[in-house]
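Here's the structure, in C-alpha cells; my notes come after.
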Amino acid sequence: MRLFTVLFLGLFLFGSCSHFTKVMKSNDYDYKLRVADQYYAAKDYNHAQQLFEELFRVFKGSEHFEDIYYKFAYCAYYLKDYANAENLFKGFVEVFPNSNKAEEMDYMRAYTFYKQSPKVDLDQTNTTKTIGFMQAFINTHPGSDKIKEANEIIEKCRAKLELKDFKAAQLYYDLGYFKAAGVACNSLMTSYPDSEKSDEYKLLIIRAYYQYALQSIEERKEDRFEQVVTQCNEFIDRFPDSRLGKTVQEYLTISQNNIKTLKNEQVKKAS
C-alpha cells in the first residue's frame with residue numbers, strides 16, 4: 001500500500017510537470033492565462049508566477065493587465081519574496097492609481113516591510129521602514145478599514161525598536177560603561193516618553209550614574225553623586241506610585257550619605 005502511494009504521487013507529480021511544460025511551450029496566450037489563473041486559484045504560486053511573468057509582457061496595456069499585475073505581485077508575496085513583492089505592489093499603485101485595488105496594494109507594500117522585520121537583536125532598518133510606510137498609508141487613506149491594523153503594526157514595531165534600544169543601554173551597563181548606559185537610557189526615555197517601562201529606564205539611569213560616581217576620581221565624586229540625587233528626586237516626582245520607589249529611595253539615601261562623607265573629609269583636610 002505504501003509503495004502504491006509513492007508510485008501514485010510520483011506519477012501525479014510527473015503528470016503535473018509534463019502538463020506545465022506543455023503549457024509553457026504553448027503560443028496560445030489566452031490558454032496560458034486561463035491555466036495561470038487556475039494555478040493561482042489552487043495556490044500553486046510557483047507555477048502561476050512563471051506563467052504570469054511571461055504574460056505580464058504579453059498583455060501589457062490590455063484589459064487583462066491589471067488582474068495579471070495584481071496576481072503576479074501576490075505570487076511573489078506568497079512565495080515570501082518580499083523584496084520583489086514590495087516593488088510590484090509599489091508598481092501596481094503607480095500604474096493603476098485609480099484602481100479599486102490601489103489602496104490594498106498600497107497597504108501590502110507597507111506590509112512587506114513588516115514581514116521582513118527581523119528579530120530584535122538584528123538590524124531594524126525594515127522595522128523603521130514599516131513605521132514610515134504604515135504611517136504614510138494612514139495619512140493617504142484616512143477612511144480605510146485597514147487603519148486599525150496599520151496602527152497596531154506601528155505599535156508593535158515601536159515596541160521592538162524600544163526593546164532594542166533598552167537592550168543596548170543594558171549592555172553598556174553590564175559591560176561597565178556606566179556613563180554611556182546613562183546617556184543611552186536618557187535617549188530612550190526621550191524617544192519613548194509614554195512607555196509603560198519609563199520607571200524601569202529611570203532606575204537604570206540612577207544605577208548607572210551611581211556606579212559612575214563610585215568609579216570617579218575623588219575630586220569629581222561629589223558632583224556625580226549630586227547627579228544621582230537629582231535623578232532620584234526626578235523619579236520620585238514623576239513616578240510616586242512606582243513599585244521601584246523603595247529601591248530609588250535607597251539610592252537616594254546612600255548617595256546623600258556619600259556626599260556628607262565627602263564634605264566631612266574636605267573639612268578635615270582643610271583644617
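The values are calculated or read from the model by the stated rules, or taken from the named source; none is laboratory data. Remember, it's a predicted structure, so these values are computed and weren't measured experimentally. When we count neighbours, we look across all protein chains shown, and the Cβ atoms used for this are built from the backbone with ideal geometry, even at glycine. The protein model used for the area step is the full one, side chains on, heavy atoms only, and it has no ligands, DNA or RNA in it. Shrake-Rupley method; radii C 1.70, N 1.55, O 1.52, S 1.80 Å.
Do we have VAL267 as at pLDDT below 95 and either more than 33 Å from the chain's Cα centre (by Cα) or of a type outside the set (Phe, Trp, Tyr) (or both) here?
yes
Tell me, please, whether a residue that is out of contact with any Cys (no Cβ under 9 Å at 6 or more places or on another chain) and closer than 18 Å to VAL120 by Cβ can be found in the stretch 197-211.
yes
Could you tell me whether the stretch 96-119 includes any residue that is out of contact with any Phe, Trp or Tyr (no Cβ under 6 Å at 6 or more places or on another chain), surrounded by fewer than 16 Cβ atoms within 10 Å (Cβ to Cβ) and either among the hydroxyl-bearing types (Ser, Thr, Tyr) or in a helix (DSSP H, G or I) (or both)?
Scanning the stretch 96-119, I find at least one residue that is out of contact with any Phe, Trp or Tyr (no Cβ under 6 Å at 6 or more places or on another chain), surrounded by fewer than 16 Cβ atoms within 10 Å (Cβ to Cβ) and either among the hydroxyl-bearing types (Ser, Thr, Tyr) or in a helix (DSSP H, G or I) (or both), so the answer is yes.
Kindly check whether there is at least one residue in the stretch 87-103 that is modelled with pLDDT of 95 or more and under 16 Å from the mean Cα position of the chain (by Cα).
no
Scan the stretch 1-60 residue by residue and report those that are of a type in the set (Val, Ile, Thr) and at pLDDT 75 or above. Write out each step before concluding.
Step one: of the stretch 1-60, the residues of a type in the set (Val, Ile, Thr) are 5-6, 21, 23, 35, 58.
Selection gives THR21, VAL23, VAL35, VAL58.
For the subset of the stretch 223-263 comprising residues that are in a helix (DSSP H, G or I) and basic (Lys, Arg), which member is most open to solvent (accessible area, probe 1.4 Å)? Write out each step before concluding.
Kept after step one, since they are in a helix (DSSP H, G or I), are these residues of the stretch 223-263: 223-238, 245-263.
From the residues that got through so far, the ones that are basic (Lys, Arg) too are 224, 238, 246, 260, 263.
On the way: ARG224: 41, ARG238: 121, LYS246: 153, LYS260: 128, LYS263: 95 Å².
Out of the qualifying residues, it is LYS246.
Of all residues in the stretch 120-137, how many are part of a helix (DSSP H, G or I) and either in contact with a Gly (Cβ under 9 Å, 6 or more places away or on another chain) or β-branched (Val, Ile, Thr) (or both)?
5
Which count do you get for residues in the stretch 38-87 that are open to solvent by 50 Å² or more (accessible area, probe 1.4 Å) and either within 17 Å of TYR111 (Cβ to Cβ) or among the acidic types (Asp, Glu) (or both)?
Within the stretch 38-87, the first condition is being open to solvent by 50 Å² or more (accessible area, probe 1.4 Å), and the residues that meet it are 38, 41-43, 46, 50, 53, 57-58, 60-61, 63-64, 66-67, 78-81, 83-84, 87.
Applying the additional criterion that residues be either within 17 Å of TYR111 (Cβ to Cβ) or among the acidic types (Asp, Glu) (or both) yields 53, 63, 66-67, 78-81, 83-84, 87.
Total satisfying the criteria: 11.
State yes or no: is TYR172 of a type in the set (Phe, Trp, Tyr), assigned to a helix (DSSP H, G or I) and over 30 Å from TYR74 (Cα atoms)?
Working: of a type in the set (Phe, Trp, Tyr): yes; assigned to a helix (DSSP H, G or I): yes; over 30 Å from TYR74 (Cα atoms): yes.
Yes: the conditions hold for TYR172.
Checking MET134 against (1) over 23 Å from HIS47 (Cα atoms); (2) of a type in the set (A, V, I, L, M, F, W, C); (3) open to solvent by 40 Å² or more (accessible area, probe 1.4 Å); (4) over 11 Å from the mean Cα position of the chain (by Cα), which single condition isn't satisfied?
(3)
Per-residue answers, yes or no, for (1) assigned to a helix (DSSP H, G or I); (2) without any contact (Cβ under 8 Å) to a residue 24 or more places away in the chain; (3) over 20 Å from the mean Cα position of the chain (by Cα):
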site: ASN139; (1), (2), (3): yes, yes, no
site: GLY143; (1), (2), (3): no, yes, yes
site: ILE154; (1), (2), (3): yes, no, no
site: LEU161; (1), (2), (3): yes, no, no
site: ALA168; (1), (2), (3): yes, yes, no
site: LEU188; (1), (2), (3): yes, no, no
site: LEU204; (1), (2), (3): yes, no, yes
